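All of the numbers you see were taken from the coordinates with simple rules; none came from a lab. Source: prediction; values computed, not measured. Here the Cβ positions follow ideal geometry from the backbone for every residue, glycine too, while neighbour counts run over all protein chains shown.
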Amino acid sequence: MKITWTLQDGRTHTAEVANGINMMEAAVANDITGVVGECGGSLSCATCHVYVADDWLGKTGEPEDFEDAMLDATEAERKDNSRLSCQIVADDSLDGLHLIVPAP
């Protein structure tokens, strides 16, 4: 499936991502600047914060309670479409997903 990130400078990067891979892993593997994933996806650092494009919000779901609390610790502004990318796992329903990397 294809996932597109809009980078902090406005450029876009599209990559093939296999089912079962979380979006933080995919971003790191594709050198997406601004998605760090310091904790390796264990939901303890908030360095993989992204904004989900509005037309994809219904498909990525809502943050669970712990993710919701971690989103309060992000460096960039938290918005209604904020998610930790380690908590979004690729499956066929997300083909074409668009994520925006927030500026710090």
Flag if LEU71 is surrounded by 14 or more Cβ atoms within 10 Å (Cβ to Cβ) and closer than 21 Å to THR12 by Cα:
no
Among the residues of region 88-95, is there at least one that is on the phi > 0 side of the Ramachandran plot and in contact with a helix residue (DSSP H, G or I) (Cβ under 6 Å, 6 or more places away or on another chain)?
no
What tally of residues in region 3-53 results from selecting those that are hydroxyl-bearing (Ser, Thr, Tyr) and either assigned to a loop (DSSP other than H, G, I, E, B) or in contact with a Pro (Cβ under 8 Å, 6 or more places away or on another chain) (or both)?
5
Selection status of ALA27, touching a Gly at 6+ places or on another chain (Cβ under 8 Å), small (Gly, Ala, Ser) and either buried (at least 20 other Cβ atoms within 10 Å of the Cβ) or closer than 15 Å to LEU99 by Cα (or both)
yes
Restricting attention to region 58-104, report how many residues are in a helix (DSSP H, G or I), in contact (Cβ under 8 Å) with a residue 24 or more places away in the chain and closer than 21 Å to CYS45 by Cβ.
7
Would you pick out the residues in region 9-24 that are surrounded by fewer than 15 Cβ atoms within 10 Å (Cβ to Cβ) and either within 13 Å of ILE100 (Cβ to Cβ) or touching a residue at least 24 places away in the same chain (Cβ under 8 Å) (or both)?
ASP9, GLY10, ARG11, THR12, ALA18, ASN19, GLY20
Restricting to region 44-55, give me the number of residues that are in contact (Cβ under 8 Å) with a residue 40 or more places away in the chain and surrounded by fewer than 17 Cβ atoms within 10 Å (Cβ to Cβ).
2
